[in-house]
Amino acid sequence: MLSYFFRRLFFVVFVVWGVTFATFFIANVVPIDPAIAALGDNAREEQIKEFRERYGLDKPIWQQYLIYMGRLLSGDLGNSLRTQRPVAEDLKEFFPATLELSVAAFLVTLLLGVPAGILAALRQNKATDVTVRILALIGGATPVFFLAVLLQYVLARELDLLPVQGRLDGFTFPPPRITGLMGLDALLARDWAAFLDSLRHLVLPAFVLGLFSAAILARMTRATMLEVLSQDYIRTARAKGVPGRAVVFRHALKNASLPVLTLLGGLLGGLLSGAVLTETIFSWPGIGRYVTQSATSLDFPAVMGVTLLVGLVYALINLIVDLLYAFLDPRIRYA
Amino acid sequence: MRLVKVVGLVAALSLGGALAQDRTQTLIYGGDWSDLITMDPQVSYEFSGGLVTDNLYETLVKYEGADLSTLKPGLAESWKVDRGRDTWEITFRLRRGSKFSSGNEVTAKDVVYTFERALALKGPGSFLFTEIAQLKPGATRAVDNYAVVVSLPKTASPSSFLSILTFNIGGIVDSETVQKNARNNDFGKEWLTNNSAGSGPFRLVRWDRGSQVLLEANPNARIKPKLQRIILREIKEPAVLRTALESGEIDIAEGLTPEALRALAGNPRFKTLKADSLRLNYLGMNVKEGSPFANKLVRDAVRYSINQDELVSGLVQGNGTKIQTLIPKGLLGYDPRTPYTFDPARARRLLAQAGYPNGLEFELLVSTGICGGGIPCADIAAKVQADLAKGGFKANVKAIANAEVLRTYRAQNHQMVLVGWSPDFPDPDGNATPWANFEARSLAWRNVWNDPTAIRLTNQAALETDPSKRVALYRLLTDYVLKNGPYAVLYQPAIPIGLSVKVEGYVRNAQGQVRFENISKLP
């Protein structure tokens, strides 16, 4: 078990190194000058020269890469060209918002996707099944920006039920920043109004972000459940007189959960890195919006920092999923 | 049953908003503030940074309302410019009793500290002090507690210096508080990035990057604001900006699309505004040897081909002003005349005369981004292309990333570009030198236009201290550049802004400054 863990960990390091290598060279074949992108039209020639020297942009690419990797090994992600402060600071500021949103969207995914999938499988080819399949199709095919703008217009602007944008109402005083997770910070400050307000602000973006994955999850759960439900041991269980509920949840669901778990790992990673559009439309200050802005201004250290962070999180999620396999299926052994 | 629960949950969540504080004392100002890097007045050189710091710090002199041509007293109650032997001696007399948010009084030593600080930190805007005003370390002296003298070389323009001082780089900081928070000789730069130490009507309470900036009334300020709290809410998407305004989440929306502005104009709950900017969108023509635009007749043909009226009323939907000379409306020396009328037949004749009877084909570079007035640059290029075709030109539009357009332009490798320009400081020289003086290595240089008459007039006008003589010189210069220069100015964009009818006293000058202390909100 332990040796498996370390082997996987080594693999994670290798993957992350590959990510740095690819990102670095992709970023550097773009024929645009980051100094001009950062300083703008009015910048003096001396300013541009000084900027290039300060950030080492005047050196050959391979040298820049070595310098970057050297710093990275000592834990320094470098300074952002755009915000002009350490990338690590920026990530600390923006990642909690993304984490909060992704976890909420993940809950939406789970709470909508799994029950819908089970329900559809149990009522195969009946009205419920058809409805779930149609809804899943719509959910999976609706572009995020369309759904977001539609919900903003109807639920926020017309019905005034939920806020349009942001993590907190402008008129609500934000709680002291401790974790960066708005809801948790509000709880820590015992500010119930801010806590409720932060929840209200989370509903729409989490739903919009989670709907797509929920649709995929529902279809996957349905398919897997159908396959498992047709197995001999389920028939045996039923024949032995095991109650229906127990058959579904103990026998079928547990065996169906393996492929679903694999999918969930990927979905969570996707939610973390795929929040760009949702964050932009809901003015959500997360790393998705941070990285888009950084990319358009060719802020290479910032893009690299986000890529590394997301790569790391992805790799960790996969590792956890692998370890969970053993827990769910006792036949799997890591030798 | 389940539906009832969901409805109940949504209703409970909606109540959260009702618990909010007094809304008439808080203004929420939405817009794209994503360029914010720092709140340090001597370092910030971004539009949003200026918008905030102008309300945290006072300057010695300032502009009031929308007027950018008359200096008004700020922290200095009076000032005078004397002609020394080889220098200009500018004396400022400070008002007594102005206080920083710390309670410390504003004195001459704070002014000296601020100016030396700007020179030492070498921020992106420091060239305003070092190059334009040619201010040297040690040239600012305190005469007594309430008087400061600044010596500038005779080659610098005192009017430019005074107008630079209205900018946030001239925002006076509390030397004692800042120095207390300084680390490793950084003049408190790191601390002032997230904190404020000024005598302005507001102080910085909190800055959540990418989300919002929270300002509160400065209890010690001389100028008492009408509102207690200002919140700058960052919303990048114009569509969301509009929905947020309509649902009452924000009071002001800056940077709407022309369509949104039209829709809001018909709604009695809102007011709309087209705020002036000092930006000019223009065509730059490379006149280097061998280029077809080196021939003045060809440049004239371009200017006669552009249907500016149609551009401004059609595509720009009125969010801009028709203008042809290089000094924008709002600055001293602005000339409202537009002698080049849309005349494609004449353009064709000029082209034939220049040796292109069968027309002229060239490349027009344009950014893939948004140009002034909220319109995609490529749309403007398409309109220009169609107009030029009527005048006998075949412009091949090439749309590329903005930074790439600038790189090509800076390397003098373009034939024609469609770009925008905003002056670095609100003085006509902020445009005249870059546009007309080849030696400044700015726009005239990029277009390889080296004209001794233009250079002479530019320098003469910059150093003239008598306003009426200055206006006359700029009239000569702008007219000369219009007819001989490498530019065809398209329009001066305006910024579409929507406001709740409850907001009163909002004025945004063309430099982008908004004095929050004058804004109030009806219940």
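The values are calculated or read from the model by the stated rules, or taken from the named source; none is laboratory data. Keep in mind the model is a prediction, meaning the values are calculated, not measured. Reconstructed Cβ throughout: ideal geometry from the backbone, glycine too, with neighbour counts over all protein chains shown. Only protein heavy atoms, including side chains, enter the accessible area calculation; ligands, DNA and RNA are left aside. Shrake-Rupley method; radii C 1.70, N 1.55, O 1.52, S 1.80 Å.
What shape does the range A:168-268 have by the C-alpha gyration tensor, where a ≥ b ≥ c are the square roots of the eigenvalues, rounded means a/c under 1.5, and otherwise prolate means a/b greater than b/c and oblate the rest? It is prolate, given that a/c is not under 1.5 and a/b is the larger ratio. Computed as a quarter of the hull surface, the mean projected area of the alpha carbon convex hull for the range A:93-187 stands at 8.2 nm². Its relative contact order, with pairs defined as Cα atoms under 8 Å and 6+ residues apart, puts the range B:374-523 at 12 percent. Mean projected area of the convex hull spanned by the Cα atoms of the range B:219-337, taken over all viewing directions: 12.6 nm². A dipole drawn for the protein assembly as shown from +1 and -1 charges on Cβ atoms has a positive end, and of A:V248, A:P143, B:G210 the residue lying farthest that way is A:V248. Rounded to the nearest percent, how much of the accessible area of the protein assembly as shown (1.4 Å probe, protein heavy atoms only) is carbon and sulfur? About 60 percent, which is the carbon plus sulfur part of the accessible surface. Compared with the direct C-alpha span, the chain from A:L111 to A:K92 gains 3.9 nm at full extension, assuming 0.36 nm per residue. Here the Karplus curve 6.51 cos²θ - 1.76 cosθ + 1.60, taken at θ = phi - 60°, turns the phi angles of the range A:101-113 into couplings of 5, 5, 5, 5, 5, 5, 4, 4, 4, 5, 5, 8, x Hz, with x standing for Gly and Pro.
How far is helix A:127-141 tilted off the main Cα axis of chain A, in degrees rounded to 10, range 0 to 90? Orientation of helix A:127-141: about 10 degrees from the principal axis.
With +1 on each Lys and Arg Cβ and -1 on each Asp and Glu Cβ, and nothing else charged, work out how big the dipole of the range B:289-396 is about its Cα centre, in Debye to the nearest 20. Provide the component values of the computation, followed by the final result.
On the way: 12 positive and 10 negative charges, 56 e Å.
Around 260 debye, computed over the range B:289-396.
Of the three principal axes defined by the Cα atoms of the protein assembly as shown, the extents in descending order read 109, 73, 61 Å. Rounded to the nearest 500, the 222 nm mean residue ellipticity of chain B from helices alone is -9000 deg cm²/dmol, with -39,500 (n - 2.57) taken per DSSP H run of at least 4 residues.
The range B:132-167 and the range B:429-498 have their alpha-carbon centroids 24 Å apart.
Within the range B:376-523, the ratio Rg/Rh, alpha carbon atoms throughout and Rh by Kirkwood, equals 1.05.
Couplings 3J(HN,Hα) of the range B:218-224, computed from phi: 7, x, 9, 5, 5, 8, 8 Hz, in residue order, whole Hz [Karplus 6.51 cos²θ - 1.76 cosθ + 1.60, θ = phi - 60°; x for Gly and Pro].
Per-residue mean of other chain beta-carbon atoms within 10 angstrom of the beta-carbon, peptide A:147-158?
Mean number of neighbouring Cβ atoms from other chains: 3.
The residues neighbouring A:A136, those whose beta-carbon lies less than 9 Å from its own, together hold a net charge of +3 under the Lys/Arg +1, Asp/Glu -1 convention. Rounded to the nearest 0.05, what FRET efficiency do B:D479 and B:S69 give with R0 = 22 Å and r taken as the Cβ-Cβ distance? Could you check? Efficiency for this residue pair is about 0.70.
Each label point was placed 7 Å from the Cα along the Cα-to-Cβ direction; for B:A389 and A:K240 their separation is 7.9 nm. DSSP bridge analysis restricted to chain B gives an antiparallel fraction near 75%, rounded to the nearest 5.
Computed on the Cα atoms alone, the convex hull of the range B:68-177 gives a volume of 104 cubic angstrom per residue. The slack between B:R222 and B:V501, meaning 0.36 nm per residue of separation minus the straight C-alpha distance, is 97.6 nm.
Excluding same-chain neighbours fewer than eight residues apart, the lysines reachable from B:K224 by a Cα-Cα span under 25 Å are B:K62, B:K72, B:K99, B:K109, B:K502, B:K521. Applying 1/(1 + (r/R0)^6) with R0 = 60 Å to the Cβ-Cβ distance of B:Q460 and A:A223 gives a FRET efficiency near 0.15. Comparing A:L110, A:L73, A:L188 along the charge dipole axis of chain A, the residue lying farthest to the positive side is A:L110, per the Cβ-charge model.
Dividing the radius of gyration of the alpha carbons in the range A:1-74 by their Kirkwood radius gives 1.18 for Rg/Rh. Within the range B:405-447, which residues have the backbone N less than 17 Å from the label spot 7 Å out from A:T296 along Cα→beta-carbon, could you tell me? Only B:405-406, B:420 pass the distance filter.
Computed across the range A:90-329, the Kirkwood radius stands at 19.6 Å (inverse of mean 1/r, all Cα pairs).
Considering only B:Y480, B:A461, B:P496, and ranking their Cα positions along the charge dipole of the range B:442-523 that arises from unit charges at the beta-carbon of Lys, Arg, Asp and Glu, the one farthest toward the positive end is B:P496.
Note: chain B, Cα convex hull, 171 Å³ per residue.
If you take the Cα centroid of the range A:114-183 and the Cα centroid of the range A:219-266, the two points sit 28 Å apart. Summary of the geometry: the range B:248-271 and the range B:187-232, compared by the centres of their Cα atoms, lie 27 Å apart.
Dividing the mean sequence gap of close Cα pairs (under 8 Å, 6+ apart) by how many residues the range A:90-329 holds gives a relative contact order of 29 percent.
Please give the charge dipole size of the protein assembly as shown, origin at the Cα centre, charges +1 on K and R Cβ atoms and -1 on D and E Cβ atoms. Round to the nearest 20 debye.
With Lys and Arg at +1 and Asp and Glu at -1, about 1620 debye.
So what is the relative contact order of chain B, in percent, for Cα pairs below 8 Å that sit 6 or more residues apart? RCO, chain B: 19 percent. Per-residue accessible area (protein heavy atoms, 1.4 Å probe) orders B:D300, B:D144 as B:D144, B:D300, starting from the largest.
The range A:188-243 has equivalent-ellipsoid semi-axes of 42, 17, 6 Å, by the square roots of 5 times the alpha carbon gyration tensor eigenvalues, sorted largest first. Per the Cα gyration tensor, the range A:1-144 maps to an equivalent ellipsoid with semi-axes of 46, 23, 15 Å, ordered largest to smallest.
Peptide A:195-201 shows a mean partner chain C-beta count of 4 within 10 Å per residue C-beta.
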